[in-house]
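A.B. asks: The structure's right below; bear with me while I get my questions together.
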Amino acid sequence: MHEELREKIAGEIAMSDEPGATIRKWREEFNVSQQELSRKMEISPSMISDYESGRRKYPRILTVRKIVDALVEIDLERGGRNVNRFTFTAINESILDIKEFSRGVSIEEFAEMLRGDIVNSNYEEGRMLYGYTIIDSVKAILSMSAFEYIRIYGWTSERALIFTSVTYGRSPMVAIRANPLKPAMVAYVRPKSMDELAIKLADIERIPLVRTPLTEKEIIEHMRKTEV
């Protein structure tokens, strides 16, 4: 999957009318400084600056590949958060964000991070979360295949699936009920109301169902600042 991401980024840079600006965009997306990138590539920071400013107009394909490889390797050394995020969003546009945690997070702790409340009563207490995936529920219904659905679990199913574009929340819980792979938590972003069947299905599956008042943007920004 990482190779698919490398090819996507390299192709975007190579095909861009402004390759320097595209290099800068991806460097900033990966939160890598020019100094970090140059150290990884074993070149001077001025070369990166020259490419990004357009002083060096068109980098060779080999150079583009080295830049992309360096960005990916730096991120993997940090835990691979952006690699995972961009890999999965490249697979399906319904996946808005994905993150693996460096430690286990309790259900109650994560619900508090979301400023949410657990709306059902029968769930497995003491279960730990090791990541989350934010999913646009409408786009997922329209475009996600069964294979892609499995891949939303990232490295582990012990994670929270956070659904946006939820009105009542019946469809996500029906989909989870029908699939043998279950998340450790389900959360709805600002639902209009909570469907009684969704709550009942959450109880049957013993999965905590959380309602959060935060927007997906607020969740992503908050989680990027939180060390977990």
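A.B. asks: Which FRET efficiency, nearest 0.05, do D17 and W155 yield, Cβ-Cβ r, R0 45 Å?
C.D. replies: Efficiency at R0 = 45 Å is approximately 0.75.
A.B. asks: Dividing the alpha-carbon radius of gyration of the stretch 2-83 by 2.2 N^0.38 Å (N being the number of residues), what value is obtained?
C.D. replies: Relative to the 2.2 N^0.38 Å estimate, the stretch 2-83 comes out at 0.98.
A.B. asks: Using only Cα atoms and rounding to the nearest 10 degrees, what angle (0 to 90) does helix 19-29 make with the longest principal axis of the chain?
C.D. replies: The helix 19-29 is inclined about 40 degrees to the chain.
A.B. asks: A follow-up question, please. What is the magnitude of the charge dipole of the chain about its Cα centre, with +1 placed on the Cβ of each Lys and Arg, -1 on the Cβ of each Asp and Glu, and no other charges, expressed in debye to the nearest 20?
C.D. replies: Magnitude of the dipole: close to 340 debye.
A.B. asks: For the stretch 94-225, rounded, prolate or oblate, judged on the Cα gyration tensor with a ≥ b ≥ c (square roots of eigenvalues), a/c < 1.5 rounded, else prolate if a/b > b/c?
C.D. replies: Working: a/c = 1.16, a/b = 1.06, b/c = 1.09.
It comes out rounded by the Cα gyration axes.
A.B. asks: Taking neighbour counts of Cβ atoms within 10 Å as a proxy for exposure, in what order, fewest first, do F101, F110 appear? Before the final figure, lay out the partial values.
C.D. replies: Numbers: F101 21, F110 24.
In order of increasing Cβ crowding within 10 Å: F101, F110.
A.B. asks: Can you list the residues, at least 5 places off or on another chain, whose amide H is less than 5 Å from the amide H of A187, using H built in the peptide plane?
C.D. replies: L161, I162, F163, V210
A.B. asks: Then there is this: Using the alpha-carbon atoms, what tilt in degrees (0 to 90, nearest 10) does helix 196-205 show relative to the longest principal axis of the chain?
C.D. replies: Approximately 80 degrees, to the nearest 10.
A.B. asks: Under the rule of at least 5 residues apart or a separate chain, name every residue whose amide H is placed under 5 Å from the amide H of S106.
C.D. replies: L129
A.B. asks: Which ordering of R170, R159 is given by a fewest-first count of other beta-carbon atoms within 10 Å? Don't jump to the answer; show the numbers that get you there.
C.D. replies: Details: R170 16, R159 24.
By the 10 Å Cβ count, ascending: R170, R159.
A.B. asks: Using the Karplus equation 6.51 cos²θ - 1.76 cosθ + 1.60 (θ = phi - 60°), what ³J(HN,Hα) coupling, rounded to whole Hz, does each residue of the stretch 169-175 give in order, writing x for Gly and Pro?
C.D. replies: Along the stretch 169-175, the couplings run x, 6, 4, x, 6, 5, 5 Hz.
A.B. asks: Would you kindly compute the Cα radius of gyration of the stretch 58-127 and its largest Cα-Cα separation (Dmax), both in Å?
C.D. replies: Here Rg and the maximum Cα pair distance are 18.2, 59 Å.
A.B. asks: Next question, about the same structure. Under 29 Å between alpha carbons, and skipping anything fewer than 8 positions from K182 in its own chain: which lysines qualify?
C.D. replies: K99, K139, K192, K200, K217, K225
A.B. asks: Rounded to the nearest 0.05, what FRET efficiency do Y58 and R78 give with R0 = 25 Å and r taken as the Cβ-Cβ distance? Could you check?
C.D. replies: 0.25
A.B. asks: Give a residue-ordered list of calculated ³J(HN,Hα) values for the stretch 104-109 (Karplus: 6.51 cos²θ - 1.76 cosθ + 1.60, θ = phi - 60°; whole Hz; x for Gly, Pro).
C.D. replies: Once θ is set to phi - 60°, the couplings for the stretch 104-109 become x, 10, 5, 4, 5, 5 Hz.
A.B. asks: What's the extension gain from S46 to D69 if we count 0.36 nm per residue and subtract their Cα-Cα distance?
C.D. replies: Stretched out fully, the S46 to D69 stretch lengthens by 6.4 nm.
A.B. asks: Additional query: Using only DSSP helix segments of four residues or longer, with each worth -39500 (n - 2.57), what per-residue ellipticity at 222 nm results for the chain after dividing by its residue count and rounding to 500?
C.D. replies: The per-residue figure over the chain is -15500 deg cm²/dmol.
A.B. asks: Now, a different point. Give me the angle, in degrees from 0 to 90, between the Cα long axis of helix 216-225 and the longest principal axis of the Cα atoms of the chain, rounded to the nearest 10.
C.D. replies: Tilt relative to the chain: about 60 degrees.
A.B. asks: Along the charge dipole of the chain, which of M173, L71, S121 sits closest to the positive end, that is, farthest toward it, with unit charges on the beta carbon of Lys, Arg, Asp and Glu (+1, +1, -1, -1)?
C.D. replies: After comparing all options, I get L71.
A.B. asks: Report, as a whole number in µm² per second, the diffusion coefficient that Stokes-Einstein gives for the chain at 20 °C and 1.002 mPa s using the Kirkwood radius over alpha carbon pairs.
C.D. replies: Working: Rh = 19.0 Å.
For the chosen part, D equals 113 µm²/s.
A.B. asks: Tell me the label-point distance for the pair R177, K8, using the 7 Å Cα-to-Cβ offset, in nm and rounded to one decimal.
C.D. replies: If labels sit at R177 and K8, their model points lie 3.3 nm apart.
A.B. asks: Put +1 on the Cβ of every Lys and Arg and -1 on every Asp and Glu Cβ in the stretch 94-225; which of P208, S94, I219 then has its Cα farthest towards the positive end of the dipole?
C.D. replies: Value: S94.
A.B. asks: On to the next question. What FRET efficiency would be calculated for the residue pair E29, K225, taking the C-beta separation as r and a Förster radius of 25 Å, to the nearest 0.05?
C.D. replies: The value I calculate is 0.90.
Bear in mind that the values in this text are calculations on the coordinates, not laboratory data. Computed from a predicted model, the values in this text were never measured in an experiment. Note that we place each Cβ from the backbone using ideal geometry, even for glycine, and neighbour counts take in every protein chain shown.
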